[in-house]
RNA sequence: GGGCGGUUAGCUCAGUUGGUAGAGCGCGUCAUUGACGUUGAUGAGGUCAGAGGUUCGAAUCCUCUACCGCCCACCA
């Protein structure tokens, strides 16, 4: 027996060394496994992409949970003899990264991005992301992740750039990408649009004003937008206003003097709300915009892109809307146009989740993806859509899940997914930030050129906007495998088997990947979507810097080891449920790592190498122990196949601690100290069998300690436990 | 406003096609130089949120109610 077993298990002294050993073996890369004969060249493949962490900072417990789950799945499949590939990568996270760097620069130097210019900003961002990237890659290793580093990808590297440009051009040529003036979510602070999904709503208490608008009373929370209101809208069925006809003109006195208003009848108006009459501001409100579109009404901009009032505001011109509101109300009061004010109006404001500013809807020329436009899918592997038939992105996204070609776990998220698709509007993909993939469109005079490469002749100017970061993320399952080239990786490993990610990004990412893969490959990006929950603190609160309840994965690994950290994030959490984590839980599993260590010590110290050569005749009792073991293998394997890692881990834990240690070993002491040599030999052989099988079972969950013990075993099938065959069982 | 989830031992959660309630942590008692200073044995503790229904039988299926949480939404 190795002397190391005389001391308690020490994760700090072990883990980095073990990781290095794995990495040096090359077996994270399936090609090397084939070369070494660990799996056959035509073995079934198993592939999964790592949801690329943002290069904005460091990994948190949510990442740690994701890594633990994925690594367990990957190690399990690798041990089952599949050609297993897990692709690492990082994401540029355009808006989040740029705004973080910008605010750092502003804090230190009081300069904005316009002061330092596009080129200099890019330089600063690159320095920042490079630093951040190396921290992240180190953290991924610390968790024990068996990622194939030779296939590492970054959303902004050259290959991914090429994929993104190609995707844009092809979708443009199919008519699915178009430029148009629509109402968008404008962030006046970051000076960019953001997508619907990037906004969060925040409940706010405001004043609500009832204003006299000719013969009507209209309500508004935003008097500063009302300068241009010249349409008054009511429901066509509203009897109170049946004397007014659509198109009627009325003269009335308004903020800056007399105006002519036009009556519009539209069923978007809620008769129950307020007086059932409203005026519209199509430039700054989506509902109003859509009403205006339906009736072909004028749209006027009231607020500029910095949040200041335009000349239409008369004397208030140039004033910031925040300052202007009270002054405008004051003027309206003087003119006797204020009917009443409701002080306690609660409504929700849209905030940019990536920067924090209040969103101002604006009409802007932007690039959009049309999710409702018919196109012909030439080569389709999607069930229910024939090759050469016509479809839309929306239909395609729905079909793949409805047909069961993509399975979403847990089941309940399918409904959430359908609901989102049904309400999906055109996806605005252009951003007015500098960090990201620049849109491959060039302008010269009145001409426009769309292409993967810049036009050769001089004088063309590229569109200044960049693409929404989720556009490139949407390509991730296949851009990482070499698309648009037809690489062997792409044919072998796509569609990937599982996409494992948090339920909070089902719309941002999961849906976008299905969209992109459907259009560009006529296929699904993955077969199963496995969604995990959020990691919260022990009271169930979200972990955040301001509350100060963050548990840092690196600290925990330092204190209790990577194995313990992993297990604490798995056991006791059903798929899709949030996890309440406490330091105590992690500590508990450190004890478990030591338990298996000591079990090994006991067994190894009681056997001689010579006794393991071949299977001796076994006692009935020992046959029984092996059947119990086999039942554990069968049942744990089944749980992992169903992605119930929590149940599998718990079962293995129960078996090792409470069957193997508490019962089997206790009882073995008597047998081993006894006189019956037949019984003794049978038991020794059986204990060793149970130990090796237990190590295999536990390996995906606690890879470090199991590998370290494995390295000291006198007899084994393969040098590295990581690539040893998963124990067989009778189904 | 629409939808989803949760409510099971002090705490965190399991409970797989309905068959007399489970685990971990914590707690009580006893043992222990023990392979494990990170151990073992044993015990206490639950009308499975509430009400009604289906059934021979319900934590599990159906209906309603209450509370907690989450997501979506164009009530100005």
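Computed extension gain for residue A:717 through residue A:317, at 0.36 nm per residue and net of the alpha carbon distance, reaches 135.9 nm.
Each of A:437, A:419 has some number of other Cβ atoms within 10 Å of its Cβ, and from fewest to most they run A:419, A:437. Taking 1 over the mean of 1/r across every pair of different Cα atoms in segment A:281-384, what Kirkwood radius in Å do you get? Over segment A:281-384, the inverse of the mean reciprocal pair distance is 17.7 Å. FRET efficiency for the pair residue A:527 and residue A:447, taken as 1/(1 + (r/R0)^6) with r the Cβ-Cβ distance and R0 = 45 Å, rounds to 0.50. Its residues counted as N, chain A yields a C-alpha radius of gyration over 2.2 N^0.38 Å of 1.17.
For segment A:8-49 versus segment A:148-181, the spacing of their alpha-carbon centroids is 31 Å.
Counting DSSP beta bridges in chain A, what percent are antiparallel, to the nearest 5? Among the beta bridges of chain A, antiparallel pairing accounts for roughly 70 percent.
When each of A:304, A:296, A:468, A:288 is scored by the number of other beta-carbon atoms lying within 10 Å, the sequence from fewest to most is A:296, A:304, A:288, A:468. Here A:140, A:534 are placed in order of increasing Cβ neighbour count within 10 Å, fewest first, which gives A:534, A:140. For segment A:535-580 versus segment A:619-659, the spacing of their alpha-carbon centroids is 26 Å. A compact globular protein would have a Cα radius of gyration near 2.2 N^0.38 Å; the ratio found for segment A:148-297 is 1.50.
Where a ≥ b ≥ c are the square roots of the eigenvalues of the C-alpha gyration tensor, would you call segment A:318-471 rounded, which needs a/c under 1.5, or, failing that, prolate if a/b is larger than b/c, or oblate?
Oblate.
With contacts taken as Cα pairs under 8 Å at a separation of at least 6 residues, segment A:153-229 carries a relative contact order of 12 percent. Equivalent ellipsoid of segment A:228-279: semi-axes from √(5λ) of the C-alpha gyration tensor, largest first, are 20, 12, 9 Å. Multiplying the residue separation of residue A:552 and residue A:205 by 0.36 nm and removing their Cα-Cα distance gives an extension gain of 121.3 nm. Shape summary of segment A:548-637, radius of gyration then Dmax from alpha carbon positions: 18.7, 61 Å.
Bear in mind these aren't lab numbers, they're just calculated from the coordinates by the rules spelled out. Remember, predicted model here, so these are calculated numbers, not experimental data. No Cβ is skipped: glycine too gets one built from the backbone with ideal geometry, and neighbour counts run over all protein chains shown.
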